[in-house]
Amino acid sequence: MRIENGSGTLDAAGADLDGARVTLRGRWTADQGPAVERAAADIAAHGRGQAVVIDLSGVRRLDTLGAWVLERTRAEIEGAGSRLAYAGARPEHRILLGEMGLREAEPKAPDTRNPAVRMLDGLGRRVARGGAEVLAGIAFLGEVVAAAGRVARRPKTFRTAALVNQLEQVAFRGVPIIVLISFLVGGIVAQQGIFQLQRFGAQSFVVNLIGLLILRELGVLLTSIMVAGRSGSAFTAEIGSMRMREEVDALRVMGLDPIEILILPRILALVIGLPILSFLGSLAALAGGGFTAALYGGLTIDGFLARLQAAVSFHHFAVGLIKAPFMALTIGIIATIEGFAVEGSAESLGRHVTASVVKSIFMVIVLDGLFAVFFAAINF
């Protein structure tokens, strides 16, 4: 049998009781795809019921497509109960064929456990995984603190330009969206408060409501959630992309500490920027509440400000500012851990960016609850 494949020939001859020998010639590459497929089909048909030896000594060039087609043909022949072997292959061809080898996934053993046992097993695994993530976060925080200590001993090594750039990205460019959303939320809270308090003729107390709620809880919490979705996801994506391009490994090869170079400026920018954004967001929310109170509650601006001054004090304002750096540190740690966990695929990057935002928002809310319990316990 003689088969043309464009730039070479495929010859099969010398069939005997021990099997058949197929000689390949020419270029088995992507540009010869149709001819390669036809030749592979002829080999598969010729090899049914007998052992086949494929001689690769006449192949001038072999690429991944040609190697994959040959391995697919081998799998078809062996699946039919016959055998196929290669002969005369150059070392580079054997390596390529080995890499293209078709390997069937091992069948998964059926789970015969009771459904309740499976549910408890899954719950236990998730709890153990969550505990491991908490420990990993604490260990990473220790590395960040150690790196901060090294930088404090050698201030000249700190990347001030990176810090300024991150402050611009986190704080300065985040002001418009945070102020706008805080203004709208403050107005909505004031509107709903007025509608409910009007039933009792106490709509003026909406000033106390929005003043305490925004300064103690809502201002910093809303700002932290927006920063987690905006800056936290950006940190994870940036570090994850550097991991995919092996830039983090390159920094280590050059003797540089990625935590000092990449992590410290970002976390410090968050710790500085989030309190500033929380302050601006609280002012915007109060402005939105005052505008709504004047529109729906009949309060004047002077009356709103006078009642606000009487309703809140500095310690209410301090509660929000005390929370902000801790929330910023939590967001930064989670975002950078997820960035370093990215592997070499776009799917992994997207998965860890999503995990970064979800975990950050969850931990921010948990932290806010813990602070609320703490401040209530000390009557602050």
Return one whole number: the accessible area per residue of the range 250-380 in Å², for a 1.4 Å probe. 47 Å²
Have a look at the range 312-380 and give its Rg and Dmax from the Cα atoms, expressed in angstrom. 15.9, 52
With N denoting the number of residues in the range 95-222, provide Rg(C-alpha) divided by 2.2 N^0.38 Å, to two decimal places. 1.98
Once both label points are put 7 Å beyond Cα along the C-beta direction, the A51-D249 separation in nm becomes 4.2 nm
Sorted peptide list for 153-165, 359-371, 316-328, 296-308, criterion being average Cβ within 10 angstrom, highest first: 316-328, 359-371, 296-308, 153-165
Suppose only helical runs count, i.e. DSSP H with n ≥ 4. What mean residue ellipticity at 222 nm does that imply for the chain under -39500 (n - 2.57) per run, divided by all residues and rounded to the nearest 500 deg cm²/dmol? -21500 deg cm²/dmol
Distant-in-sequence amide H partners of L84 (H built 1.01 Å from N, under 5 Å): V52
Sorted from largest down, give the three principal axis spans of the alpha carbons of the chain, whole angstrom values. 105, 56, 42
Net charge within 11 Å of A372 by Cβ-Cβ distance, Lys/Arg positive one each and Asp/Glu negative one each, not counting A372 itself? 0
Computed for the range 44-188: size of charge dipole around the Cα centre, +1 on C-beta of each Lys and Arg, -1 on C-beta of each Asp and Glu, debye to nearest 20, value 520 debye
Fraction of the pair-distance distribution of the range 223-374 above 24 Å, Cα-Cα pairs, percent: 46 percent
Scalar couplings 3J(HN,Hα) for the range 305-314 by Karplus 6.51 cos²θ - 1.76 cosθ + 1.60 (θ = phi - 60°), nearest whole Hz, x for Gly and Pro, are 5, 5, 6, 5, 5, 6, 7, 10, 10, 5
So the FRET efficiency between T64 and I188, C-beta based with R0 = 56 Å and rounded to 0.05, is 0.45
Residues in the range 329-346 that a label on L163 would reach, taking backbone N under 20 Å of a point 7 Å out along Cα→Cβ: 329-333, 336
Which distance in nm do the two modelled labels at F314 and V127 give, with both placed 7 Å along the Cα-to-Cβ direction? 4.7 nm
What percent do you get for the relative contact order of the range 172-321 when only Cα pairs under 8 Å and 6+ apart count? 48 percent
Go through 345-355, 236-246, 116-126, 174-184 and give me the packing order, highest mean Cβ count within 10 Å leading. 236-246, 174-184, 345-355, 116-126
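The values are calculated or read from the model by the stated rules, or taken from the named source; none is laboratory data. If you're wondering where the values come from, they're calculated on a predicted model, not measured in any experiment. In this analysis, Cβ positions are derived from the backbone assuming ideal geometry, glycine residues included, and neighbour counts consider all displayed protein chains. Quick note on the areas: whole protein, heavy atoms, side chains included, nothing else; ligands and nucleic acids left out. Shrake-Rupley method; radii C 1.70, N 1.55, O 1.52, S 1.80 Å.
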